[in-house]
1. Using packing as a proxy for protection, rank 75-81, 47-53 so that the peptide with the highest average count of other Cβ atoms within 10 Å comes first.
2. Would you mind calculating the relative contact order of the chain from Cα pairs under 8 angstrom and at least 6 residues apart, reporting the percent as a whole number?
3. Give me the lysines in straight-line cross-link reach of Lys35: C-alpha distance below 22 Å, same-chain residues under 8 apart excluded.
4. Please compute the Cα-Cα pair-distance distribution of the chain with 5 Å bins starting at 0, giving whole percents from short to long.
5. Taking the highest mean first, how do the peptides 27-33, 83-89 order by number of other beta carbon atoms within 10 angstrom per residue?
6. Quick test of the membrane-span-like rule: which DSSP H helices of the chain reach at least 24 Å along their long axis (C-alpha atoms) with mean Kyte hydropathy at least -1.0?
Amino acid sequence: MLIVVVGFVSGILSGMGIGGGTLLIPALVFIIGTKQQIAQSINLLVFIPTAAAALCVHARKHNIERGLLFKLAVTGSAGAVIGSLLAVNLDSGILKKVFGVFLFIMGAYEISSKSK
C-alpha cells in the first residue's frame, strides 16, 4: 500500500513540474530495496505516462513555449543518452551518492533562491 501512495504523490509532483523522481527514486531504494540503476529506470518508465498527462493539461492552458521546447528536447535527448550510459556503468553506491548530492544542491538552491 505504501508504494501506491508513493506512486500517487510522485505523480502529483511530476504534474507540478517538481519531478516525481525526487520522491520515487529514494522510496524505491530505501523502502523497497532496489538498486539505484533499477530505481532510476523505473522512474523513467513512470515518467512517460505522468509527463504525457501533465503535457495535455499544460498544452490546454497554453503553458508551452515552442521555441524552448524543441531546443530543450534535442539537447535533453542527447544528455539523456550520455547520462544513461554513465548510470549503467557506475557502481550503484557511487550513483546513489551522486544522486544524493544532486538532491542536496537542488534543495539548498530552492531554499536560498529568491522567488519572483
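1. Most protected by this proxy first, the peptides run 47-53, 75-81.
2. Numbers: 54 pairs, mean separation 25.9, N = 116.
Relative contact order here is 22 percent.
3. Output for Lys35: Lys96, Lys97.
4. 2, 10, 16, 21, 21, 18, 9, 3, 0
5. 27-33, 83-89
6. Details: long enough: 36-60 (35 Å, 0.98); 66-89 (34 Å, 1.26); 92-112 (30 Å, 1.25).
Taking the DSSP H segments of the chain (at least 24 Å long, mean hydropathy at least -1.0), we get 36-60, 66-89, 92-112.
Every number in this text was worked out from the coordinates using simple rules, so none of it is lab data. This is a predicted model, so every value here is computed, not measured. So basically every Cβ, Gly included, is an ideal-geometry build from the backbone, and we count neighbours across all protein chains shown.
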